[in-house]
């Protein structure tokens, strides 16, 4: 059923109006768009976005919506290198009032049950977890959930850190910042030891990192059905 919903959503394109952008770190940018009242999504889902103001190859790209549905904007946060793709060059050219087309939302990367949950973000993979945690804050039901976010970034830029810390201080959500794979493994082992097979694991980040951590979890006897993955590709 979710596949059918996604297939239908992909064909429903809407124009979203660009509001503003900001630089989060040396190579990470956030873009904000208007959110129409009837538009909603589940925190953690992504949309398909199409450049509309110029013709480029590969003009459609999937991006996680980094804002929660409770917020009044559509937020896209992405890494943009010194040699960006045509798509990301076009994103940097956006001016207030211009539009991109959005299809979706699609995907099943969102919290479904109140199991103890470990969220594992690698670098820019923090974007779906920002949305998830912001939505939990807005709903005011954090006390009902047992959530621990592990945020690994070897460069220690940790975008959204101030926001995440503010939420963690006022809710029963733990956030741990890590800069190495060894430290990440230690945190995972502590969680799996205490929770056993009752925990759910959400992994988001570059595909090699997501695949590696998924294999590691399965080697720790975590059931495959308890592991949810959102692999990011560079473009």
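The values are calculated or read from the model by the stated rules, or taken from the named source; none is laboratory data. Just so it is clear, the structure is predicted and the values come from calculations on it, not from any experiment. As a convention, Cβ positions derive from the backbone with ideal geometry for all residues, glycine included, and neighbour counts pool all protein chains shown.
All conditions but one from (1) over 13 Å from the mean Cα position of the chain (by Cα); (2) at pLDDT 90 or above; (3) at negative phi apply to residue 169; the one that does not is (2). Filtered by the rule that a residue be buried (at least 20 other Cβ atoms within 10 Å of the Cβ), under 15 Å from the mean Cα position of the chain (by Cα) and part of a loop (DSSP other than H, G, I, E, B), segment 31-64 gives 41, 43, 44, 45. The criterion of at least 3 residues that are in the same structural domain as residue 80 (by TED's automatic domain parsing) and touching a strand residue (DSSP E or B) at 6+ places or on another chain (Cβ under 7 Å) is met by none of the helices (runs of 4 or more DSSP H) falling completely within segment 141-235. When 81, 103, 25, 70 are checked against the criterion of being loosely packed, with under 15 Cβ neighbours inside 10 Å, in contact with a helix residue (DSSP H, G or I) (Cβ under 7 Å, 6 or more places away or on another chain) and touching a residue at least 40 places away in the same chain (Cβ under 8 Å), 70 stands alone in meeting it.
Between 136, 132, the distinction of being in contact with a helix residue (DSSP H, G or I) (Cβ under 6 Å, 6 or more places away or on another chain) and in a helix (DSSP H, G or I) belongs to 136 only.
Looking at segment 107-116, is at least one residue touching a residue at least 24 places away in the same chain (Cβ under 8 Å), in a strand (DSSP E or B) and surrounded by fewer than 21 Cβ atoms within 10 Å (Cβ to Cβ)? So far as segment 107-116 goes, no, none of its residues is touching a residue at least 24 places away in the same chain (Cβ under 8 Å), in a strand (DSSP E or B) and surrounded by fewer than 21 Cβ atoms within 10 Å (Cβ to Cβ).
Taking the numbered list (1) more than 20 Å from residue 214 (Cα to Cα); (2) modelled with pLDDT of 95 or more; (3) outside any strand (DSSP E or B); (4) touching a helix residue (DSSP H, G or I) at 6+ places or on another chain (Cβ under 9 Å) in turn, residue 97 passes all entries but (4).
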